[in-house]
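This report concerns only the one structure given below.
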Amino acid sequence: MATLELLLAVAFAAALADLLATRGYAAVAAATVFLAGLLGGAWPSTPFLKHNEFAAFVAAVYLAIVVYSHFYMREAERLGWFWGWMGVFFGSMELFLLADHWVLLALGWAGLDIASWGLILTYRDGDEMGYVGDGARAGGITWLWPPSSSAFRAIVTVEVGTAALLIALGGMALRYGPFISDWGPAGDLASALILTAAFAKAAQLPFTDWLLTAMSAPTPVSALLHSSTMVKAGPILLLKLGPLLAGWAVEVAFLVGAATAVVGGLMALGQREPKLVLAASTASYLGMITAVALKNPHEAALLIYAHGFAKAALFMAVGHAIHVTHSRFPDAYPLAAKVAIALGMLMLVGVLPTGALAKNEAPLWTVVVSALTVGYLGRLLRLPTVNDWGPMWIPYLALLVVPNFLLYAVPSPVLFFAFVGGGLAFLGDVEVLKRRLYLPVVFDRVAPAVFNGLWRLVAVVDRAVDRSLQTSAPLWQLVVDAVTFVDWLVDVALHDGLVALIRRASAGVAGLRLDYYLYAVGVAFAFIIAVALALGIWR
Amino acid sequence: MYSDIFLLATAVSGALAVAALRLGLPAALASVAAMLLFLIPGRGVLGVLPYVGEVAVAVDFYKLPFLAVSVALGLIVAFYSPPYLWHLGAPRWYYGVHALYVLSFLYIILFENLIFVFLALELSIITSFLLIWYFGYGNRRFVALLYFIWAQVGSILFLIGVAISGTFNADVFTAGGLVSLLVLLGLLIKMGTAGVHFWLPYAHAEAPTPLSALLSPVHVGLMAYWIWRLREGAGWPLEALFIYGLVTAVYGSLLVFRETDFKRALADSTVANMGLLVAAASIKNVEVSYAATALLFVGHAFAKAALFMLAGLYIVSLHTRAIGEARWDRHLLAASVLGFVALAGLFGINLVGKAYLAAGVPQALYVVALALFALVSTAVYSFYLFNQMYRAGEGRVEYPAEMYAAIMASALAPYLLLAALPLWLH
């Protein structure tokens with residue numbers, strides 16, 4: 001019987017093996033072993049880990065994606081880098097899910113950050129496939145981001161969440177002990193920090209844009225990052241710690257999540273790069289999940305499953321088209337990809353059995369998000385079909401079909417209202433949506449300007465003090481000069497002045513003539529006699 | 001018993017270090033290797049001196065990480081040095097001074113008598129001063145003097161404070177008011193925290209790179225141990241010190257962005273990390289404080305040494321110190337990713353250290369906000385520097401294999417040490 005500790009060790013060892021062998025066979029093996037181990041009832045052998053319901057789901061999605069990657073990345077460069085980070089990504093997500101010790105949870109959480117950063121850097125700067133954006137100028141910025149810019153933006157944004165999580169978890173650990181299952185209620189400050197961490201990770205407003213520029217990564221990475229790992233860590237954190245949070249957190253999560261759900265859906269409508277459509281859609285669905293995560297955790301879990309399967313498949317389907325047309329803006333889609341996009345849409349809006357299970361209990365406002373979904377995915381379906389039957393379609397169609405036999409329900413009639421959104425598929429370009437409400441301007445212009453101003457100020461102050469310290473060297477010289485002068489004065493007084501004085505006095509005395517002495521002696525005697533007479537000594 | 005081991009280790013490593021003045025690298029390596037003897041746990045009294053009192057040496061669990069890192073980096077850097085010193089045209093006696101410098105690190109931590117700690121500080125200052133004076137860059141004599149004077153001011157303030165306190169044994173050290181502040185100020189000047197850091201960027205950047213790879217990672221950081229050790233008796237205002245540490249972390253991080261010189265950027269980053277160490281050493285809960293201090297010290301030491309050695313590799317192979325001119329192949333890319341990610345505190349034991357530091361943040365809104373900014377900014381500059389290097393582009397770089405091996409040994413350490421995690425998870 002495999003233990004969870006052993007499975008995690010296998011996952012990280014596979015990452016190392018793939019890094020060195022640049023193949024990716026270890027990734028397939030690790031995913032299979034992990035999934036089999038979990039389904040076979042693997043259990044923790046130390047108190048550090050605890051079973052988690054999403055662990056098998058993540059392993060299953062990962063397995064489908066690594067199989068797909070073998071086809072997608074066949075002609076790509078830097079495969080050791082790609083496979084190594086993929087392995088770290090998977091291992092970190094599982095570590096985050098299974099951890100019950102706060103430090104292990106933090107390690108998993110940060111491992112996700114660093115692996116997604118590495119994966120975004122997979123394509124070289126200058127490789128057309130690694131760019132995001134159309135190169136136009138709008139809002140004072142150029143809408144084109146190379147992988148190094150995207151990676152930097154991603155890591156800086158999510159680090160805000162990671163730092164917040166460290167402070168929150170650390171404070172809780174100090175109060176209640178290291179094991180999360182022993183923890184009691186969190187204070188207001190800790191609750192706010194945990195919400196911030198979840199929002200940054202799940203690309204909720206205002207942290208949304210890193211998720212869109214993260215499309216610099218190869219499509220399998222997007223498929224993994226958007227479906228089961230990374231962004232999902234946000235709402236899963238809320239599911240893990242939700243019962244401990246302050247009461248007001250429910251409302252805040254709802255407001256931010258619902259706002260992101262609608263705004264993300266609208267942004268997706270405006271995008272022309274299919275990966276960006278799906279990325280904005282992810283922000284939207286993560287918003288929906290975040291909104292319900294604290295109110296109705298069971299509902300949130302079902303949404304995580306349905307969205308995970310659908311979004312992974314959608315990315316792989318779009319990736320199929322990108323792979324076939326060698327363009328970030330494919331003008332035609334393979335038939336299998338189109339079928340997958342249609343099925344993915346049905347899964348997301350809740351018409352397929354797995355989707356229905358997730359959506360039947362969802363609040364009514366989510367139908368608006370579903371309508372937007374039909375709009376932006378319908379737009380992809382309108383494009384022409386190209387004939388390609390490479391084996392890439394097997395893993396993504398499997399992800400859309402198989403879950404319906406495991407998780408299912410009959411869709412409630414209200415869900416069909418989503419198809420009203422079909423009209424949106426014929427909508428023309430809306431500049432403000434295409435420019436993502438100009439949110440990237442904040443990240444490209446405003447935030448850097450504030451930060452640059454800050455460091456320049458510090459640099460100027462530091463330089464001024466440093467300079468003044470260095471120019472104070474002459475001051476030291478002045479002190480030295482003063483001391484030297486006083487020393488000279490004393491020296492002269494002692495060794496020159498006094499000696500000369502005595503010498504002059506003695507020379508003066510030595511130069512006097514004898515008659516002066518006799519006269520002085522006579523006067524002295526006369527004085528003594530006069531005193532003696534006056535006192536009457538002779539009487 | 002332990003005093004015998006101490007004397008033996010001192011005799012062997014000291015004699016070998018002196019021999020290294022003539023014989024060079026092999027003797028220096030043997031000398032530093034002999035210092036492993038110091039790591040045997042125990043306590044012994046070397047003697048009792050008039051006025052100074054009992055001169056004790058001790059190694060316990062708490063001292064071990066600081067000692068082990070000193071020896072490990074002493075060996076790695078010695079192994080790294082030959083191609084660099086050949087490039088500098090430095091004579092063999094460099095290695096002898098290097099070994100004595102490493103020996104001074106061990107003494108700084110080993111001695112329980114604070115007067116002897118001061119003497120160890122002096123040994124470290126004199127040895128490092130000599131190496132900057134003879135083998136530094138730029139206006140090396142000016143920088144060496146600048147370093148010497150600041151370091152002397154620091155160690156002498158420490159000595160004055162200790163002397164006035166009248167308690168020379170670390171176990172019973174008690175001081176109050178101005179006297180305890182003198183000791184603190186002395187230690188902070190030696191660390192180079194905000195306000196008393198002006199010597200640090202010059203010294204660490206203009207020192208010969210193998211020296212920078214010990215000065216910045218180990219030497220300044222060792223003071224954090226003494227802040228942690230003496231805090232009970234000194235009665236410093238810990239919360240204020242914690243906030244001052246965070247301010248230093250932010251200040252140092254912001255300084256990094258002004259640099260185009262690889263070594264100066266790393267030196268500014270040291271200011272930031274010393275801030276984190278000061279904050280770690282002043283966490284209220286003494287065990288959490290120790291965990292944060294030790295983990296941040298060890299993680300920072302290996303990451304920073306690796307990156308300084310990487311900067312040195314570029315000096316030797318590309319004759320440049322500008323980070324924007326550093327080309328990389330996949331091996332160098334791997335080393336820089338490992339180094340910068342650990343320095344950022346995003347993974348490796350540096351992350352665990354940051355986590356324990358975060359655990360010590362007092363639950364007040366303004367401190368939490370400051371801590372958040374400090375944790376983020378110390379991560380952001382690392383990725384900023386990495387991006388500078390990454391965008392400089394790929395290229396063929398010819399470099400000696402032993403330099404690269406040393407860099408990798410140091411860069412991998414923060415990750416490999418995660419294997420020791422169960423030690424402090426309980």
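The numbers here are math on the coordinates, done by the rules we state, and not lab data. All values derive from a computational prediction rather than experimental measurement. So basically every Cβ, Gly included, is an ideal-geometry build from the backbone, and we count neighbours across all protein chains shown.
Taking chymotrypsin sites (Phe, Trp or Tyr not before Pro) as exposed when DSSP calls them loop (any state but H, G, I, E, B) and at most 13 other Cβ atoms lie within 10 Å, what is the longest stretch of chain B free of them, the sites themselves excluded?
Counting only loop sites that pass the neighbour cut-off, the longest clear stretch is B:62-426.
May I ask what percent, to the nearest 5, of DSSP beta bridges between residues of chain A are antiparallel?
Counting only bridges with both partners in chain A, antiparallel ones make up about 60 percent.
Over the alpha carbons of segment A:469-539, what is the largest minus smallest coordinate on each principal axis, giving the biggest first in Å?
Per principal axis, max minus min of the Cα coordinates gives 87, 30, 10 Å.
Note the full-extension length gain between residue A:45 and residue A:529 as 0.36 nm times their separation in residues minus their Cα-Cα distance, in nm to one decimal.
Roughly 161.8 nm would be gained on extension.
Could you check what % of the DSSP bridge pairs in chain B are antiparallel, to the nearest 5?
Beta bridges within chain B, antiparallel portion: roughly 90 percent.
For segment A:452-524 and segment B:72-124, what is the separation of their C-alpha centers, rounded to whole Å?
Each part reduced to its Cα centre gives a spacing of 45 Å.
Can you return the lysines within cross-link range of residue A:275? Criterion is Cα-Cα under 23 Å, with same-chain partners fewer than 8 residues away left out.
Of all the lysines, those that pass the test against residue A:275 - Cα under 23 Å, at least 8 places apart if same chain - are A:201, A:232, A:311, A:338, A:434.
State which helices in chain B qualify, where a helix is a whole DSSP H run, it must extend 20 Å or more along its own axis by its Cα atoms, and its mean Kyte-Doolittle hydropathy must be at least 1.6.
B:114-135, B:140-165, B:177-191, B:238-256, B:330-344
Nearest 10 degrees is fine. How inclined is helix A:366-381 to the longest principal axis of chain A, computing both from alpha carbons?
Long axis of A:366-381 versus the principal axis of chain A: about 80 degrees.
Can you tell me the Rg and Dmax of segment B:60-124, counting just the alpha carbons, in angstroms?
Spelled out, the Cα radius of gyration and Dmax of segment B:60-124 are 13.7, 41 Å.
Compute the semi-axes of the equivalent ellipsoid of segment A:364-433, taking the square root of 5 times each eigenvalue of the Cα gyration tensor, and list them largest first in whole Å.
25, 22, 9
By how many nm would the segment from residue B:398 to residue B:11 grow when fully extended, if each residue of separation counts as 0.36 nm and the alpha-carbon distance is taken off?
135.3 nm
In degrees, nearest 10, range 0 to 90: what is the angle between the Cα axis of helix A:4-21 and the longest Cα principal axis of chain A?
It is inclined by approximately 80 degrees.
To the nearest 10 degrees, how steep is helix A:54-72 against the longest Cα principal axis of chain A, on a 0 to 90 scale?
With both axes taken from Cα atoms, the answer is about 80 degrees.
Calculate the dipole size of chain A relative to its Cα centre from +1 charges on Lys and Arg beta carbons and -1 charges on Asp and Glu beta carbons; express the result in debye to the nearest 20.
Dipole about the Cα centre, nearest 20: 480 debye.
At R0 = 51 Å, how high is the FRET efficiency between residue A:446 and residue B:172 if r is their beta carbon distance? Nearest 0.05 is fine.
About 0.35, to the nearest 0.05.
Translational diffusion coefficient of chain A at 37 °C, 0.692 mPa s, Stokes-Einstein with Kirkwood Rh over Cα pairs, in µm²/s as a whole number.
123
Of all chymotrypsin sites (Phe, Trp or Tyr not before Pro) in segment A:359-404, which ones are in loop regions per DSSP and have a Cβ with at most 15 other Cβ atoms within 10 Å?
Those that pass, being in a loop and sparsely packed, are A:365, A:389.
By count of other Cβ within 10 Å, fewest leading, how are B:155, B:128 ordered?
If I rank by nearby Cβ atoms, fewest first, I get B:155, B:128.
Please turn the phi angles of segment A:252-258 into ³J(HN,Hα) values with the Karplus equation 6.51 cos²θ - 1.76 cosθ + 1.60 (θ = phi - 60°), one per residue in order, whole Hz, x for glycine and proline.
4, 4, 5, 5, 5, x, 5
Could you tell me the convex hull volume per residue, in Å³, taken over the Cα atoms of segment A:1-113?
Given the Cα convex hull of segment A:1-113, per-residue volume reads 84 Å³.
How do B:196, A:374, B:352 rank when sorted from fewest to most other Cβ atoms within 10 Å of their own Cβ?
In order of increasing Cβ crowding within 10 Å: B:196, A:374, B:352.
What distance in nm lies between label points placed 7 Å from Cα along the C-beta direction at residue A:468 and residue B:137?
2.9
Please give me the summed charge of the neighbours of residue B:309: other residues whose Cβ is under 13 Å from its Cβ, Lys and Arg +1, Asp and Glu -1.
Around residue B:309, the charge tally is +1.
Nearest 0.05, what FRET efficiency do residue A:425 and residue A:74 give at R0 = 51 Å with Cβ-Cβ as r?
Taking R0 as 51 Å, the efficiency between residue A:425 and residue A:74 is 0.95.
Could you give the longest part of chain A that holds none of the GluC sites (Glu not before Pro) found in DSSP loops with at most 16 neighbouring Cβ atoms within 10 Å?
Result for the longest clean stretch: A:78-360.
Hey, what D do you get for the protein assembly as shown in µm²/s if you plug the Kirkwood alpha-carbon radius into Stokes-Einstein at 4 °C and 1.567 mPa s?
This corresponds to a translational diffusion coefficient of 42 µm²/s.
Two decimals, Cα atoms only, Kirkwood Rh: what is Rg/Rh over chain B?
Rounded to two decimals, Rg/Rh equals 0.95.
For segment B:362-426 and segment A:128-169, what is the separation of their Cα centres, given in Å?
Result: 20 Å between the Cα centres.
Per residue of segment A:118-132, what does 6.51 cos²θ - 1.76 cosθ + 1.60 with θ = phi - 60° give for ³J(HN,Hα)? Whole Hz please, x for Gly and Pro, Karplus curve as stated.
x, 5, 5, 7, 4, 6, 6, 4, x, 7, 3, 5, x, 7, 10
Would you mind telling me the antiparallel percentage of the DSSP bridges in the protein assembly as shown, rounded to 5?
Expressed as a percentage, antiparallel bridges in the protein assembly as shown total about 80.
Give the residue list of chymotrypsin sites (Phe, Trp or Tyr not before Pro) in segment A:508-539 that are DSSP loop and have at most 14 other beta-carbon atoms within 10 angstrom.
A:538
Within a Cβ distance under 11 Å of residue A:182, other residues only, what is the Lys/Arg minus Asp/Glu net charge?
That works out to 0.
Cα centroids of segment A:1-37 and segment B:256-326: how far apart, whole angstrom?
Taking the Cα centre of segment B:256-326 as reference, the centre of segment A:1-37 is 33 Å away.
Classify segment B:240-318 as rounded, prolate or oblate from the Cα gyration tensor: take a ≥ b ≥ c as the square roots of its eigenvalues, call it rounded if a/c is under 1.5, otherwise prolate when a/b beats b/c and oblate if not.
oblate
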